[in-house]
Amino acid sequence: MRKFLYAIAAVGLLVSGVAHADAISDRKALMKEKVGASMGVLAKMAKGEMDYDTAAAVAAFQTMNDVTKTFGDLFPAGSETGGDTTASPKIWEDMDGFKAKLAKFGEDTAAAVAAAPADKDAFMPVFGQVAGNCKACHEMYRVQKN
Amino acid sequence: MKRLAAALVIMAIAAAVIFWVLTMPQRLDATVTANADAGDAARGERMFNAGGCASCHAAKGAKGDDRLKLGGGLALETPFGTFHAPNISPDRQTGIGAWSGADFMNAMLRGVSPEGEHFYPAFPYTSYARMQPEDIADLWAYMKTLPVVEQANLDHQLPLPFRMRRGLGLWKMLFLSDQPVVAIASGDDQLVLGRYLVEGPGHCGECHTPRNLIGGPDTSRWLSGGPAPEGNGKIPNLTAGAGGIGSWSVKDIAYYLESGFTPEFDAVGGTMVEVQENMARLPASDRDAIAAYVKALPALDSQ
């Protein structure tokens, strides 16, 4: 009986460990493959390495906005460490502050989609407003670990 | 027996005298400080941004014009205790409005106060000591144009042995130098400028160079990263060694300093955010020079 309980407990731990590993890899993937990749498109247009294109800009802002809808659910208790996470422990100490930064990122990207800047001159201030969110959150809630 | 006791007393006195002389704060020669009050405020703004003074002396997280209110108060946690950044606004009572240009130059280049005491290296004068006196004079002229803030701050909270400023004289003998760290063939003006900005005002080594047991920079591992001083996370290796940023081009480095985005479009974070925002305020030619110097660093693997 005892052995059986231990086994169940071990499986439970394993499962929760895996679940947390999923949360970590999911949130990293959202940041890198969605937010970071969209940023790549926007920054190339801002730098003039790519011609400005309204549809591409709106799509990139929209991808970022979609991320803000689920990203906040990927920080369950227990996912503070492991899986090469660069999330700062401050997220769990100040979940409200973290969520507020995420909400601001959501608002700014939604406004950028709505603005659908017609040309590069209209795009630059909108881009600047969105880009400021990245370091505003990373400054407080992210820490390099390697 | 008596003889031995007498010899010991004499030796102890001699040691105390040697300690006293060796640890004596060294003020600058009057010829160096002659033009300390004749700087140019407009040029000084560049040094203020390169030096990142607001990161420690303005209120935590200050943005916009609040960055120019240098009332101090920020608590800096270090392995040697907690330091509280002093008020360096032009207020005569609680700030440094009553200082002369020479006093300011002695603080920046020698880490010595107007009262002739040593400053703690939590004030990164170990880097600022490599600055040109003319640049310090310009910075001083600029600082006098900033808003007066009347604000007294807490004393540092340090364990007993570190409370005695005199002992810092020995530390300074080991680590205070106005000489450059990385050798550069003369004639390359851009690299020389980059080295000046990084090793001097930019004080990049204060974070990116690992420290030894007594808190001095390990120059044999210059800018190769290490544990963060606040004890949380790591500071990246800026050289081209394993774990470093060898894959970044000079342009990538300059763009990171301007925008805060890495070549993979990751965004800057942590304590580097304020540094990056200061770098963004410099002329592009300064960022290009810094990037060229970083790219030319001797490669060291991360440890």
Self-check item: Of all residues making up region A:113-146, the number that are assigned to a helix (DSSP H, G or I), over 27 Å from A:ASP96 (Cβ atoms) and not acidic (Asp, Glu)
Solution: 8
Practice problem: Could you please give the count of residues in region B:41-65 that are in contact (Cβ under 8 Å) with a residue 60 or more places away in the chain and part of a loop (DSSP other than H, G, I, E, B)? | Solution: 1
Self-check item: Unmet requirement for B:LEU238, which otherwise passes all of (1) away from chain A (no Cβ under 14 Å); (2) part of a loop (DSSP other than H, G, I, E, B); (3) at pLDDT 95 or above
Solution: (1)
Quiz item: Taking region A:53-92 as the region of interest, how many residues are part of a helix (DSSP H, G or I) and either touching a residue at least 24 places away in the same chain (Cβ under 8 Å) or in contact with a Leu (Cβ under 6 Å, 6 or more places away or on another chain) (or both)?
Solution: 19
Quiz item: Which condition does B:SER285 not pass, out of (1) surrounded by fewer than 19 Cβ atoms within 10 Å (Cβ to Cβ); (2) among the hydroxyl-bearing types (Ser, Thr, Tyr); (3) within 9 Å of chain A (Cβ to nearest Cβ), if it passes all the others?
Solution: (3)
Self-check item: Failed condition for A:LYS101, given (1) at pLDDT below 95; (2) of a type in the set (Lys, Arg); (3) surrounded by 16 or more Cβ atoms within 10 Å (Cβ to Cβ)
Solution: (1)
Exercise. Output the residues belonging to region B:217-235 that are within 10 Å of another protein chain (Cβ to nearest Cβ) and either closer than 18 Å to B:PRO124 by Cα or at pLDDT 95 or above (or both).
Key: B:GLY225, B:ALA228, B:GLU230, B:ILE235
Practice problem: Among the residues of region B:241-256, write down those that are aliphatic (A, V, I, L, M) and more than 13 Å from chain A (Cβ to nearest Cβ). | Solution: B:VAL250, B:ILE253
Practice problem: State the number of residues belonging to region A:43-55 that are surrounded by 18 or more Cβ atoms within 10 Å (Cβ to Cβ) and at the interface with chain B (Cβ under 9 Å from one of its Cβ atoms). | Solution: 2
Practice problem: Tell me which of these B:GLY270 doesn't satisfy, since it passes every other one: (1) buried (at least 16 other Cβ atoms within 10 Å of the Cβ); (2) more than 28 Å from B:TRP171 (Cα to Cα); (3) more than 14 Å from every other protein chain (Cβ to nearest Cβ). | Solution: (3)
Quiz item: Do any helices (runs of 4 or more DSSP H) entirely within region B:100-154 hold 2 or more residues that are without any contact (Cβ under 8 Å) to a residue 12 or more places away in the chain, within 21 Å of B:CYS204 (Cβ to Cβ) and touching a strand residue (DSSP E or B) at 6+ places or on another chain (Cβ under 8 Å), and if so, which?
Solution: none
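Filter region B:242-255 for residues that are assigned to a loop (DSSP other than H, G, I, E, B) and either of a type in the set (Val, Ile, Thr) or buried (at least 19 other Cβ atoms within 10 Å of the Cβ) (or both) and give the result.
Of the residues in region B:242-255, the ones assigned to a loop (DSSP other than H, G, I, E, B) are B:242-249.
Within region B:242-255, B:GLY244, B:ILE245, B:TRP248 qualify.
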Self-check item: Among the residues listed as B:ALA38, B:ALA7, B:ALA15, the single one being assigned to a loop (DSSP other than H, G, I, E, B), over 18 Å from the mean Cα position of the chain (by Cα) and of a type in the set (A, V, I, L, M, F, W, C)
Solution: B:ALA38
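The values are calculated or read from the model by the stated rules, or taken from the named source; none is laboratory data. Note that the structure is a prediction, hence the values are computed from the model and not measured. Ideal geometry is used to build each Cβ from the backbone, glycine not excepted, and the neighbour counts take in all protein chains shown.
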